[in-house]
1. Residues in segment 63-83: is at least one part of a helix (DSSP H, G or I) and either farther than 27 Å from residue 34 by Cβ or modelled with pLDDT of 90 or more (or both)?
2. Evaluate segment 46-61: report whether one residue or more is over 17 Å from the mean Cα position of the chain (by Cα), closer than 23 Å to residue 123 by Cα and without any contact (Cβ under 8 Å) to a residue 60 or more places away in the chain.
3. If we keep just the residues of segment 160-173 that are part of a helix (DSSP H, G or I) and touching a residue at least 12 places away in the same chain (Cβ under 8 Å), which is surrounded by the fewest Cβ atoms within 10 Å (Cβ to Cβ)?
4. Considering only segment 174-186, I want to know if a residue exists there that is farther than 30 Å from residue 256 by Cβ and under 23 Å from the mean Cα position of the chain (by Cα).
5. Condition first: under 30 Å from residue 81 (Cα atoms), in contact (Cβ under 8 Å) with a residue 40 or more places away in the chain and part of a helix (DSSP H, G or I). Can you find one or more residues in segment 174-191 that meet it?
6. How many residues are out of contact with any helix residue (DSSP H, G or I) (no Cβ under 7 Å at 6 or more places or on another chain) and outside any loop (DSSP other than H, G, I, E, B) when one looks only at segment 130-145?
7. Buried (at least 21 other Cβ atoms within 10 Å of the Cβ), closer than 24 Å to residue 59 by Cα, at pLDDT 95 or above and in contact with a strand residue (DSSP E or B) (Cβ under 8 Å, 6 or more places away or on another chain) - does that describe any residue in segment 180-188?
């Protein structure tokens, strides 16, 4: 592992969100300012959106680590593909309430009573709902109704919605969400980091694990890291981690643009060939449906690069970083073998005629 090679106390570019590594980029600083404003209002909805890997979860982790639990009771829902009553049950469970066998009216009564109790104790309740783009209309409407609970003219529940860009578009355009839209008091869309922020971001994360300059990052390496990651934090973490692994394997004490470009090219090759099972089956179905002529090249389907695929690879990276080289070789050999077998089979079939 590269952290032992370079003497780090931990992995600086792990893919699992960790509030310890919070970095206040321009867009995240703005988001925190909106959150602070919204929390000070103590009512309505706060909406934060961003692309996959933009740092939404890290933002929430930093918020949770920053607030006083004696003044703010923050609860979080991460399973959002639920309808209205299930949303109520999940909210009640996060509040520590039993829900089994209760009708909807009973759930609402117990939720309101608990929120009122917290308010009387001087604690504001914040409900954080992740992956809001997956929420059906009925669940969003139920959340809006929960935001109606009041105590002495003050709202008992404030709601923080996290989602991908499609949720922002849906919220802005859907005529069915007009009433919820009027309750939104603060909103921000997380954008990628700017190029000038990548160097401080790298140095910040490295400094938290005991980095003392080994390896050294050349100026052109920072530009290359930005170019290949587009400033998206998760992509940057994935690339930087792979660069450090390569550096450890090769015994490098200096990382330059050529090193970053080499690693990025390897990752692009992996993405282009990471379709062994599903796409091999698809090639077989195509071959069975329309056998190629002798002069026709073998059918090859290349998976295009996209953010969702990058995230799936990122998860695999976290689990299999020590075995990735061996697995890549095995997959490559497997694909070559299957394609060879298909080619030989086709030649044999047509040769018989």
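The values are calculated or read from the model by the stated rules, or taken from the named source; none is laboratory data. On a predicted model such as this, the values are computed, not experimentally measured, just so you know. Ideal geometry is used to build each Cβ from the backbone, glycine not excepted, and the neighbour counts take in all protein chains shown.
1. There is no residue in segment 63-83 that is part of a helix (DSSP H, G or I) and either farther than 27 Å from residue 34 by Cβ or modelled with pLDDT of 90 or more (or both).
2. No, because not a single residue in segment 46-61 is over 17 Å from the mean Cα position of the chain (by Cα), closer than 23 Å to residue 123 by Cα and without any contact (Cβ under 8 Å) to a residue 60 or more places away in the chain.
3. Here the residue is 166.
4. Yes, segment 174-186 contains a residue that is farther than 30 Å from residue 256 by Cβ and under 23 Å from the mean Cα position of the chain (by Cα).
5. yes
6. 2
7. Checked against the condition, which is being buried (at least 21 other Cβ atoms within 10 Å of the Cβ), closer than 24 Å to residue 59 by Cα, at pLDDT 95 or above and in contact with a strand residue (DSSP E or B) (Cβ under 8 Å, 6 or more places away or on another chain), segment 180-188 yields no hits at all.
Each row is one residue, and each column tells you yes or no for (1) assigned to a helix (DSSP H, G or I); (2) surrounded by fewer than 18 Cβ atoms within 10 Å (Cβ to Cβ); (3) under 22 Å from the mean Cα position of the chain (by Cα).
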residue: 204; (1), (2), (3): yes, yes, yes
residue: 212; (1), (2), (3): no, yes, no
residue: 226; (1), (2), (3): yes, no, yes
residue: 231; (1), (2), (3): no, no, yes
residue: 239; (1), (2), (3): yes, no, yes
residue: 243; (1), (2), (3): yes, no, yes
residue: 248; (1), (2), (3): yes, yes, no
residue: 259; (1), (2), (3): yes, no, no
